[in-house]
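A.B. asks: This is the structure, below, for whatever I ask next.
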Amino acid sequence: MRGTRAAQRYAKAILSLAKDKNSAEAVNEDMLSISETVLNSKDLENMLTSPVVKDSIKKSALLEIFKGLNTITKGAIDILLENGRINILHIVARQYIILFNELNNVRQAVVTTAVPLDKELETVILAKVKELTGSEASLKSIVDESIIGGFVLRVGDLQYDASVSRNLTRLKRELKDNTYVSKI
């Protein structure tokens, strides 16, 4: 992805400053908001990457969309504008979140289910992740109807597949290899 290395450097600098000012958590909340909003708004992403739109308009639009930003986040936006790098704001935000989670030993867990998760089940899954890995986790939920039921949980390189489709595939393989069933 273009701009990832530069985004990494900006994110490290922002995190370092935020830690020094004891604002890392507040800046993380800002970055979560920025990342999610830009990801879900193609118009906002186009505006940020457009060379036609003036920096002053970009800044005023960002400050209007993201009211109540921490001063460190506002400063980061100013620096990105000043250096002509505002187009990588959402990448900087994602990199900051990754670095912040590493700093606080929070892992990313991805759970795939056939239906959307409710809050109660989400809490149970997060508790199970903490039990398995020994660390906190942020949960990303994916809905995939092809797994039929159950869930697939991924944390780092660890995967636990308790989906109905996997069990059906395993059962099909067992029946196919069974010499008694194949003679019938």
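Please treat every number below as a calculation from the coordinates, not as lab data. The shown structure was predicted, so the numbers you read here are calculated from the model rather than taken from an experiment. Here Cβ is always computed from backbone atoms with ideal geometry, including for glycine, and neighbour counts include all displayed protein chains.
A.B. asks: Rounded to the nearest 5, what % of DSSP beta bridges with both residues in region 105-177 are antiparallel?
C.D. replies: Expressed as a percentage, antiparallel bridges in region 105-177 total about 60.
A.B. asks: Picking from 63, 95, 35, whose Cα lies most toward the positive end of the charge dipole for the chain (charges on Cβ: Lys, Arg +1; Asp, Glu -1)?
C.D. replies: It is 95, whose Cα lies furthest towards the positive end.
A.B. asks: Quick check on region 1-46: take the gyration tensor over C-alpha atoms, sort the square-rooted eigenvalues as a ≥ b ≥ c, and tell me if it's rounded (a/c under 1.5), prolate or oblate.
C.D. replies: Values: a/c = 3.94, a/b = 1.46, b/c = 2.70.
Verdict is oblate for region 1-46.
A.B. asks: Moving on to the next point. Give the share of C-alpha pairs in each 10 angstrom bin for region 105-177, from 0 to the last occupied bin, in whole percents, shortest bins first.
C.D. replies: 20, 46, 25, 8, 1
A.B. asks: Nearest-5 percent of antiparallel DSSP beta bridges in the chain?
C.D. replies: Values: 11 of 19 bridges.
Here the antiparallel bridges make up roughly 60 percent for the chain.
A.B. asks: Still on this structure: Taking the Cα centre of region 120-181 as origin, sum charge times position over the Cβ atoms of Lys and Arg (+1) and Asp and Glu (-1), and report the length of that vector in debye to the nearest 20.
C.D. replies: Dipole magnitude for region 120-181 comes out near 260 debye.
A.B. asks: Regarding the chain, what's the average projected area of the Cα-atom convex hull, expressed in nm²?
C.D. replies: Averaging across all directions leaves 14.7 nm² for the Cα convex hull.
A.B. asks: Please report, in debye to the nearest 20, how large the charge dipole of the chain is about its Cα centre when each Lys and Arg carries +1 at its beta carbon and each Asp and Glu carries -1 there.
C.D. replies: It comes to approximately 560 debye.
A.B. asks: Please list, ordered by chain and number, the residues whose modelled amide H lies under 5 Å from the amide H of residue 163; skip anything fewer than 5 residues away on the same chain.
C.D. replies: Residues meeting the amide H criterion: 151.
A.B. asks: With 10 angstrom as the radius, rank 170, 107 by how many other C-beta atoms surround their C-beta, starting from the fewest.
C.D. replies: Least crowded to most crowded, the residues run 170, 107.
A.B. asks: Quick one: order 14, 77, 142 by neighbouring beta-carbon count within 10 Å, fewest to most.
C.D. replies: 142, 77, 14
A.B. asks: Taking region 4-102 as the region of interest, what is the percent of Cα-Cα pairs per 5 angstrom bin, listed from the shortest bin to the one with the maximum distance?
C.D. replies: 2, 14, 27, 28, 19, 7, 2, 0
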